[in-house]
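This report concerns only the one structure given below.
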Amino acid sequence: MKILSSAAISGLNISPSTCVELIKESFALKSQAQLPPKISLHPQGNDFFNTMPCLLPDPYNCYGVKIVRRIKGAEPALISDMLLCDSRTGESLALLDADWITTMRTGAVATLAIQTFRRRGEITYGFIGLGNTGRATLLCLLDAEPDVRHNVILLRYKDQADLFADRFKDYANVSFSICDDVKDLVSGSDVIVSCITEAQGLLCEDNECYKEGCLVIPVHTRGFQNCDLFFDKVYADDTAHVSGFKYFSRFKQFAEIQEVIEGVKPGRESDKERILSYNIGLGLHDVVFASKIYSMLKGNAEKIEIKRFTEKFWI
């Protein structure tokens with residue numbers, strides 16, 4: 001079994017736009033993959049351990065399971081590991097530090113949702129939560145659309161807005177402004193991307209702040225439950241992952257994002273529709289990323305041997 005570190009994975013220099021293409025490839029496999037809902041356990045408070053399995057169809061011949069956890073006070077707050085197996089033989093192929101995969105595939109899914117559901121015309125983006133996931137989302141968006149000028153409002157939190165803007169100082173296709181009030185950000189944005197991992201209640205209780213035609217993408221699902229009740233359409237990357245939401249039965253119209261990509265269900269039909277896109281994150285994306293990365297790194301990765309019993313009867 002190989003050990004694949006985040007440093008080795010990052011060293012492959014997989015472009016953000018390639019990550020978006022891998023997400024498109026992943027969604028194309030969804031109907032053929034075996035993808036049970038993630039299991040989420042909570043040891044204390046809002047901390048969690050999520051277990052995310054997926055079996056890919058032929059010719060990938062891969063099974064993977066990722067464990068991602070958030071522990072308050074940890075640095076970084078989100079940590080993840082993955083076991084990748086050959087589904088034909090059952091052999092354990094690799095143990096991966098999955099932090100890079102989790103972050104970049106999450107940003108890539110958010111970017112695909114933006115491209116799929118935003119209204120036409122000039123767009124102002126509002127970003128709430130300016131950590132690694134927020135950075136990954138903007139990296140994917142800018143790299144996938146290098147010839148488009150992106151106007152971005154950042155919600156100030158400590159010094160993170162300044163650090164966020166500085167991270168993208170060399171990108172010619174983005175400009176930033178910073179605001180101090182979430183209501184101002186919401187009312188001034190056509191696309192609102194929230195990457196916070198914890199929220200106490202609603203982020204913006206005033207429904208009038210959400211302009212016609214806006215798109216809200218709560219990457220970690222926090223803080224926008226009021227939108228569930230009055231937005232025109234709600235989408236998600238998997239029905240089973242959102243069917244337990246408090247207001248699921250009251251969504252005005254619901255579909256999965258791959259159904260829209262495949263043309264089976266309608267997406268945005270009017271520039272006035274308010275749309276909510278819950279991108280919960282799928283083990284499907286993780287395993288597709290991991291299988292590609294394993295193929296790239298397996299010849300140079302550290303190997304460990306697990307000595308197992310080889311006889312049929314060993315007790």
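The values are calculated or read from the model by the stated rules, or taken from the named source; none is laboratory data. In this text, all values refer to a predicted model and were calculated from it rather than measured experimentally. Positions of Cβ are backbone-derived with ideal geometry, glycine not excepted, and every protein chain shown enters the neighbour counts.
Computed quantities for the displayed model
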item	result
Of residues in segment 88-131 being out of contact with any strand residue (DSSP E or B) (no Cβ under 7 Å at 6 or more places or on another chain), under 20 Å from Ile293 (Cα atoms) and not β-branched (Val, Ile, Thr), the one surrounded by the fewest Cβ atoms within 10 Å (Cβ to Cβ)	Gly90
Gln32, sole failed condition from (1) free of Cβ contacts under 8 Å to residues at least 60 places away in the same chain; (2) surrounded by 14 or more Cβ atoms within 10 Å (Cβ to Cβ); (3) more than 16 Å from the chain's Cα centre (by Cα)	(2)
Within segment 174-233, tally of residues that are among the aliphatic types (A, V, I, L, M) and at pLDDT below 95	5
Residue count, segment 257-295 (criterion: of a type in the set (Gly, Ala, Ser), part of a helix (DSSP H, G or I) and touching a residue at least 24 places away in the same chain (Cβ under 8 Å))	3
Scan of segment 35-54 for residues that are of a type in the set (Ser, Thr, Tyr) and surrounded by 15 or more Cβ atoms within 10 Å (Cβ to Cβ), ordered by number	Thr51
Complete set of residues in segment 1-59 that are in a helix (DSSP H, G or I) and of a type in the set (Gly, Ala, Ser)	Ser6, Ala7, Ala8, Ser10, Ser17, Ser26, Ala28
Scope segment 80-95; condition touching a helix residue (DSSP H, G or I) at 6+ places or on another chain (Cβ under 8 Å) and not in a strand (DSSP E or B); matching residues	none
Cross-chain or 6+ apart pairs with Cβ under 8 Å, segment 85-107 first and free of Cβ contacts under 8 Å to residues at least 40 places away in the same chain and on the phi < 0 side of the Ramachandran plot, then of a type outside the set (Val, Ile, Thr) and assigned to a helix (DSSP H, G or I)	Thr103/Asn132; Thr103/Ala136
Filtered residues of segment 69-79 (kept if without any contact (Cβ under 8 Å) to a residue 60 or more places away in the chain and either assigned to a strand (DSSP E or B) or within 11 Å of Asp286 (Cα to Cα) (or both))	Arg69, Ile79
Criterion (of a type in the set (D, E, K, R), surrounded by 13 or more Cβ atoms within 10 Å (Cβ to Cβ) and either assigned by TED's automatic domain parsing to the domain that holds Cys62 or touching a Ser or Thr at 6+ places or on another chain (Cβ under 7 Å) (or both)) met by exactly one of Glu256, Glu262, Glu273	Glu256
Segment 136-148 - residue that is surrounded by fewer than 24 Cβ atoms within 10 Å (Cβ to Cβ) and out of contact with any helix residue (DSSP H, G or I) (no Cβ under 6 Å at 6 or more places or on another chain) and, of those, nearest to Arg70 (Cα to Cα)	Leu142
Residue match in segment 103-113 (condition: assigned to a loop (DSSP other than H, G, I, E, B) and over 23 Å from Arg268 (Cβ atoms))	no
